[in-house]
Amino acid sequence: MESTQSTTASGPAAIEVRGLRKRFGAVTAVDGLSFTVTHGQVTGFVGPNGAGKSTTMRALLGLDTPDEGTALIDGKPYHALRAPLTRVGALLDAGAVHPSRRGRDHLLWLAHSHRIPVRRVDEVLELVGLTAAARRRAGGYSLGMRQRLGIAGALLGDPPVLLFDEPVNGLDPEGIRWIRGFLRSLAAEGRAVLVSSHLMSELEDSADRLVVIGRGRVLADTSVAELLAAASADRVALRTGAREQAMTVLAAAGATVAVNGRDSLTVSGLDAEQVVQLLAEAAVPFSGVAAHRATLEEAYMELTADAVEFAAAAPIEAEEAR
């Protein structure tokens with residue numbers, strides 16, 4: 001699934017990471033990472049804690065210097081960009097604002113540093129829904145409001161490339177719904193949007209592509225649709241009140257059977273017609289058989305199962321423990 005494309009039809013990729021390596025003492029945070037992000041798409045950047053997502057974003061923004069490889073914005077390293085706020089906007093830390101500074105004053109300071117007109121400050125405040133709170137001190141903002149202020153700062157220079165690290169943190173359901181549509185609208189304007197998130201359900205609704213990494217390496221670089229299709233392939237969702245009997249019959253036929261609930265199974269290795277035939281021949285009752293459609297979270301968990309640095313033991317189901 002890994003992509004090797006590095007350019008678009010119109011020129012260099014909006015974001016290009018090639019052979020990126022970064023070590024912190026004995027720890028290798030990023031290990032030969034390569035991927036691209038194109039204009040007009042939302043690209044989800046996902047992986048377990050410690051996978052190297054934040055280090056990669058910091059390298060793209062010139063905050064960490066790679067030991068090897070390159071991290072480029074529109075074909076250039078960040079330090080070579082003229083008026084960088086007009087080329088790339090980023091939200092890495094919603095808390096990176098002085099608590100005693102008013103939200104509008106924070107944006108005015110950023111605008112002044114790049115000679116951006118004052119009217120743009122008011123435009124982005126309206127875009128993110130903070131106009132009414134613009135003159136409140138940031139120390140009184142909720143986490144969700146600070147996220148919106150950070151997004152406003154990223155948009156201030158009207159950049160064609162945007163990097164957001166966990167932008168839905170602290171947002172209420174209305175805010176999550178808003179940012180889902182907002183990200184897609186930014187891509188529809190032709191911008192390249194790279195979003196790091198742990199909420200797979202949100203990326204399933206907003207991302208066009210996914211770059212999945214683990215232990216500093218690319219595990220998959222593909223479209224969301226392709227990833228879901230691969231994770232759903234050759235699987236059948238089965239509902240039966242005779243769970244143990246069904247598992248015995250299907251396993252004997254070479255299937256792999258996973259328990260999802262008291263009367264719910266996922267069968268791999270057999271198609272729906274074969275499952276129905278086997279159960280009917282063995283007189284095992286069932287109430288439903290359908291092709292399984294994997295969620296993005298399921299696909300992600302499968303890809304990263306061997307790349308999780310810290311994993312808790314699986315809980316024992318109450319009915320199994322009795």
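The values are calculated or read from the model by the stated rules, or taken from the named source; none is laboratory data. Every value quoted in this text rests on a predicted model; they were computed, and no experiment measured them. Cβ sites come from the backbone with ideal geometry, for glycine too, and all protein chains shown count toward neighbours.
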Next item on the list: Take the residues in the stretch 131-179 that are crowded, with 21+ Cβ neighbours inside 10 Å and among the charged types (D, E, K, R), then tell me which one is nearest to the chain's Cα centre (by Cα).
Entry: Arg148
Margin query: Tell me whether the stretch 66-81 contains one or more residues that are at pLDDT below 90 and either exposed (fewer than 15 other Cβ atoms within 10 Å of the Cβ) or not acidic (Asp, Glu) (or both).
Written below: no
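Would you check if Ser197 is more than 24 Å from Thr266 (Cα to Cα) and modelled with pLDDT under 85? Walk me through how you get there before you give the answer.
Numbers: more than 24 Å from Thr266 (Cα to Cα): yes; modelled with pLDDT under 85: yes.
Criteria met by Ser197.
For every residue, the table says whether it meets (1) under 20 Å from Gly214 (Cβ atoms); (2) of a type outside the set (S, T, N, Q); (3) touching a strand residue (DSSP E or B) at 6+ places or on another chain (Cβ under 7 Å).
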residue	(1), (2), (3)
Leu20	yes, yes, yes
Phe24	yes, yes, no
Phe35	yes, yes, yes
Phe45	yes, yes, yes
Glu68	yes, yes, yes
His98	no, yes, no
Leu108	no, yes, no
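With the stretch 209-305 as the region, which helices (runs of 4 or more DSSP H) entirely inside it contain at least 1 residues that are surrounded by 16 or more Cβ atoms within 10 Å (Cβ to Cβ), of a type outside the set (S, T, N, Q) and over 35 Å from the mean Cα position of the chain (by Cα)?
Values: elements: 224-232, 243-252, 272-281, 296-304.
Once the helices (runs of 4 or more DSSP H) in the stretch 209-305 are filtered for at least 1 residues that are surrounded by 16 or more Cβ atoms within 10 Å (Cβ to Cβ), of a type outside the set (S, T, N, Q) and over 35 Å from the mean Cα position of the chain (by Cα), what remains is 243-252, 272-281.
Filter the stretch 88-116 for residues that are of a type outside the set (Val, Ile, Thr), under 14 Å from Gly157 (Cβ atoms) and part of a strand (DSSP E or B) and give the result.
Quick first cut of the stretch 88-116, residues of a type outside the set (Val, Ile, Thr) only: 89-96, 98-115.
Filter again for under 14 Å from Gly157 (Cβ atoms), leaving 89-91, 107-115.
Selection gives Gly89, Ala90, Leu91.
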